[in-house]
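Report on one structure; see the data block that follows.
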């Protein structure tokens, strides 16, 4: 696991510290962890996060919670403006934040709080205006609804390998029989073990993995038609239908710019 130098604010005696930074497309932070929990908000661009449990995709104007000391890698897909809120473990437990990664919705209030918190000094007064602002920020993060934007990775080594390979080039055209052959299993064993280790069928997992890749590609400016064809959908309308069923909006509305 990669060792990274810790900025001074990681040890600041405050429950939360907010930073902001712009990243170029493709910027990658290899496997690492933080002593504090991290709420990473993508003000623009798309983020992907990988752990041994799976991968997560964070669309623009959403965020991801990464618990303290959880090994993860993070990559910027497109130019990304990232607002990070680093939260002490004690505060995370008090707020009931989960013990695993989770993509979260971000309310208009939370977006405004993040923008205000960027200017709060690292050692702010806990009893003053800045302290109350940061307290409200933490409660708003903890109150955000979760989004199903991840594909779990099975712990079984053969399945984990073929799933990781699939995620590098997801396509609806990769069927059960092909995956079973790649894993060195019979079709029956593959389907049984896949559900046992992921909680879903391979077909459901494949659709979710393709949907996550679609978010990345759309976020980087590809057209709906380009994305549909590259992922093996029969038509752009079929892709749009699945996208709306799973995410509640058609792609054009889902990626519509929101005012902050």
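On the stretch given as the range 105-121, residues that are surrounded by 13 or more Cβ atoms within 10 Å (Cβ to Cβ) and closer than 15 Å to residue 12 by Cα total 1. Looking at the structure I just gave you, is residue 59 in contact with a strand residue (DSSP E or B) (Cβ under 7 Å, 6 or more places away or on another chain), within 29 Å of residue 119 (Cβ to Cβ) and at pLDDT below 95? Yes; evaluated as a whole, the condition is true for this residue.
Taking residues in the range 151-168 that are surrounded by 15 or more Cβ atoms within 10 Å (Cβ to Cβ), and partners anywhere that are in a strand (DSSP E or B), the pairs with Cβ atoms closer than 8 Å and at least 6 places apart or on different chains are 151/54; 151/55; 152/54; 153/54; 153/55; 163/151; 167/55; 167/151. Of the residues making up the range 215-256, those that are in contact with a strand residue (DSSP E or B) (Cβ under 9 Å, 6 or more places away or on another chain) and in contact (Cβ under 8 Å) with a residue 24 or more places away in the chain number 7.
Could you list all residues from the range 196-206 that are within 19 Å of the chain's Cα centre (by Cα) and modelled with pLDDT under 95? Scanning the range 196-206 gives a single hit, 198. Taken together, the criteria exclude residue 129 from residues that are over 17 Å from residue 93 (Cα atoms) and touching a strand residue (DSSP E or B) at 6+ places or on another chain (Cβ under 9 Å). Restricted to the range 154-164, and to residues that are touching a helix residue (DSSP H, G or I) at 6+ places or on another chain (Cβ under 7 Å) and in a helix (DSSP H, G or I), which residue is nearest to residue 200 (Cα to Cα)? Only one residue tops the list, namely 159. Only residues that are free of Cβ contacts under 8 Å to residues at least 60 places away in the same chain and either touching a strand residue (DSSP E or B) at 6+ places or on another chain (Cβ under 6 Å) or buried (at least 21 other Cβ atoms within 10 Å of the Cβ) (or both): list them for the range 86-104, please. Passing the criteria: 92, 101, 102, 103.
If you filter the range 201-221 down to residues that are touching a helix residue (DSSP H, G or I) at 6+ places or on another chain (Cβ under 8 Å) and surrounded by fewer than 15 Cβ atoms within 10 Å (Cβ to Cβ), you find that the one that is farthest from residue 172 (Cα to Cα) is 201.
Return yes when residue 81 is in contact with a helix residue (DSSP H, G or I) (Cβ under 7 Å, 6 or more places away or on another chain), under 22 Å from residue 147 (Cβ atoms) and in contact (Cβ under 8 Å) with a residue 40 or more places away in the chain and no when it is not. Criteria not met by residue 81.
A search for C-beta distances below 7 Å between a residue of the range 121-142 that is free of Cβ contacts under 8 Å to residues at least 60 places away in the same chain and in the same structural domain as residue 40 (by TED's automatic domain parsing) and any residue that is in a loop (DSSP other than H, G, I, E, B) and surrounded by 15 or more Cβ atoms within 10 Å (Cβ to Cβ), counting only pairs 6+ apart in sequence or on different chains, returns 130/120; 130/124; 131/124; 133/120; 142/97.
The values are calculated or read from the model by the stated rules, or taken from the named source; none is laboratory data. Bear in mind that the values here come from a model prediction, so they are computed numbers and not experimental data. Here the Cβ is made from the backbone with ideal geometry for all residues, glycine too, and neighbour counts use every protein chain on show.
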